[in-house]
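The values are calculated or read from the model by the stated rules, or taken from the named source; none is laboratory data. Every value quoted in this text rests on a predicted model; they were computed, and no experiment measured them. Glycine also receives a Cβ, built like all others from the backbone with ideal geometry; neighbour counts cover every protein chain displayed. Note: accessible area is taken over every heavy atom of the protein model, side chains too, but ligands, DNA and RNA are not part of it. Shrake-Rupley method; radii C 1.70, N 1.55, O 1.52, S 1.80 Å.
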Amino acid sequence: TITVCDPGTITGGLLVRQNYIEEDIGQTKADALAARLRAIRDDLTVTVAEGSVPDDPASCLAADLILDATVSNSITTYLDALVAASARKPLIAQVATDVSSGTLGIANVCAPNSKLTPSEIDERAGCSVLADGGLELYHPLWQEAADGDELIPTRGCSVPTFHGSAADLAAVAATLVSLIGAHLQQAEAVTSGTHLIALPHAATGPRHHFLLAETDGPT
């Protein structure tokens, strides 16, 4: 069973960087994604929640995985509160790419037994990465975007977004989903931390690096 949330509307300017097609234009992103998932597997139950998050937090807490790809501070605040409010928590993963090239990826993974919130995991990872010259490739993920890094893909778009092609985005997303899946398959206590990945044609640097959230443990 999958619940998808995203009230944003698909416009033509998004097709070069997001995996939608011409027929999806005018639909909400959540509705188009739900239709795509149903077409892939007919045994899936896919529901579309109104708004950016489900009205009932209990439905989130009953899930095995919450996957956040919004890059939204308000959604992170909601997830932080969700972690603090219940002892029974799903695995929470937040994914993003860099704005200048779309060839880097980050996945912050918050395990069910984590003492840290998603924002705390991201903050600690950022401090470690910015202090490590060997991870300079990934420094922009925690730095303000430089002039020209962001673009407005179509007239009327209210929020600037990243450079990059739909092919690069699909590759970054597939790699991050595979890494998150490995956490779900862990037989022992699931670890929290931050995955950093780079596509083969990205700038020089490690292609994959994992930062363990050291202070995790039973609550």
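I'm trying to understand the selection: among the residues of segment 190-210, which are assigned to a strand (DSSP E or B) and surrounded by fewer than 20 Cβ atoms within 10 Å (Cβ to Cβ)? Within segment 190-210, 208, 209, 210 qualify.
For the residues 91, 65, 61, the requirement of being over 13 Å from residue 117 (Cα atoms), in contact with a Leu (Cβ under 6 Å, 6 or more places away or on another chain) and touching a residue at least 24 places away in the same chain (Cβ under 8 Å) singles out 65. For segment 121-132, the set of residues classified as closer than 17 Å to residue 77 by Cβ and open to solvent by 70 Å² or more (accessible area, probe 1.4 Å) consists of 123 only.
If you go through segment 144-163 one residue at a time, do you hit one that is surrounded by 16 or more Cβ atoms within 10 Å (Cβ to Cβ) and either on the phi > 0 side of the Ramachandran plot or modelled with pLDDT of 90 or more (or both)? The answer is no; no qualifying residue exists. Within segment 18-58, being within 26 Å of residue 80 (Cα to Cα), exposed (fewer than 14 other Cβ atoms within 10 Å of the Cβ) and small (Gly, Ala, Ser) holds for 51, 58.
Conditions (1) within 26 Å of residue 142 (Cα to Cα); (2) more than 18 Å from the chain's Cα centre (by Cα); (3) modelled with pLDDT under 80, marked per residue:
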{"residue": "6", "(1), (2), (3)": "yes, no, yes"}
{"residue": "20", "(1), (2), (3)": "no, no, no"}
{"residue": "41", "(1), (2), (3)": "no, yes, no"}
{"residue": "53", "(1), (2), (3)": "yes, no, yes"}
{"residue": "67", "(1), (2), (3)": "yes, no, no"}
{"residue": "74", "(1), (2), (3)": "yes, no, no"}
{"residue": "77", "(1), (2), (3)": "yes, no, no"}
{"residue": "95", "(1), (2), (3)": "yes, no, no"}
{"residue": "108", "(1), (2), (3)": "yes, no, no"}
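Evaluate the following for residue 99: is it buried (at least 16 other Cβ atoms within 10 Å of the Cβ) and in contact with a helix residue (DSSP H, G or I) (Cβ under 6 Å, 6 or more places away or on another chain)? So residue 99 fails the test. Only one of the numbered conditions (1) buried (at least 17 other Cβ atoms within 10 Å of the Cβ); (2) out of contact with any Pro (no Cβ under 6 Å at 6 or more places or on another chain); (3) assigned to a helix (DSSP H, G or I) is not met by residue 81, and that is (1). Taking each residue of segment 123-147 that is free of Cβ contacts under 8 Å to residues at least 24 places away in the same chain and looking for partners that are aromatic (Phe, Trp, Tyr) with beta-carbon atoms closer than 8 Å, six or more apart or interchain, yields 126/142; 130/142.
Could you list, in sequence order, all residues of segment 7-17 that are outside any loop (DSSP other than H, G, I, E, B) and open to solvent by 50 Å² or more (accessible area, probe 1.4 Å)? Within segment 7-17, 9 is the sole residue that qualifies. Pairs are defined by a Cβ separation below 6 Å, a sequence spacing of at least 6 or placement on different chains, a first member in segment 153-179 that is farther than 17 Å from residue 101 by Cα, and a second member that is modelled with pLDDT under 90 and part of a helix (DSSP H, G or I); the pairs so defined are 154/13.
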